[in-house]
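The structure appears below as structure tokens.
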Amino acid sequence: MIAAAVLLVVEGLGIAGLTWVLGIVVDRQDMSLGGSDPGVMSVGSWVLGGATGLFLVGVAVMLARAALRETSPGRLGQVLTVLTAVVHGLLGAIAVGLVGWLAFTGLMLVLGTLVLSIMFFDDVDAAPGSAGKDDGSQGPDGPGDSGAHSPGAVKPSPA
């Protein structure tokens, strides 16, 4: 989970920085796309980049906190992690065609760490020592079954 958190922080800061630079370029060049106002485009770039960066850093903080506590994040944290993984998968599929294999590889690296973090949630939720514990009160067919009705079991004869 720590590796995913570190990668998400780096990615969040990178996206925020890139969109900040793109906003400055659009503003200084007075570029217009379809007659839209360049000032609005640059502010929109800054807001979207900042929001994306904050989201990724927020998910990273949640993952790091869960890793340090050695607990699973709450339901909201799990949903945000799955959402982030799905977005990385979709962006990777788009990036391979538009940007190239290097961007695809980077996105898949982050996706892989997110998936490992999601798989780790189940391990953390399981109580230690509860798996495979047999106290004799459960037979092959469930609680309260002594095994007398299972195939091959010898039934006691009536006396």
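Computed from the coordinates by the stated procedures, all read-outs in this text should not be read as laboratory data. Values in this document were obtained by computation on a predicted structure and should not be read as measured data. Cβ placement follows ideal geometry from the backbone for every residue including glycine, while neighbour counts extend to all protein chains displayed.
Of Val26, Val40, Val10, the sequence from fewest to most neighbouring Cβ atoms within 10 angstrom is Val40, Val10, Val26. The distance between label points at Leu116 and Ala51 comes to 3.2 nm (points 7 Å beyond Cα on the Cα→Cβ vector). Using alpha-carbon pairs under 8 Å, 6+ residues apart, how would you state the relative contact order of region 4-82 in percent? Dividing the mean separation by the residue count of region 4-82 yields 40 percent.
Residue order for Ser45, Ser72, Ser36, fewest other beta carbons within 10 angstrom first, comes to Ser36, Ser72, Ser45.
One decimal place: the segment Ile94-Val25 gains 22.4 nm when fully extended, by the rule 0.36 nm per residue minus the C-alpha distance. Panel order for Ile94, Ile15, by other beta carbons found within 10 Å of each beta carbon, from fewest to most: Ile94, Ile15. Spatially, region 75-92 and region 1-59 are offset by 19 Å when compared through their Cα centroids. Summarising the label geometry, the points placed 7 Å from Cα in the beta-carbon direction at Ala3 and Leu18 lie 2.2 nm from one another. A Förster radius of 35 Å, combined with the Cβ-Cβ distance separating Ser32 from Trp101, puts the computed FRET efficiency at roughly 0.60. Spacing of the modelled spin labels on Val40 and Thr71, each 7 Å from Cα toward Cβ, amounts to 4.7 nm.
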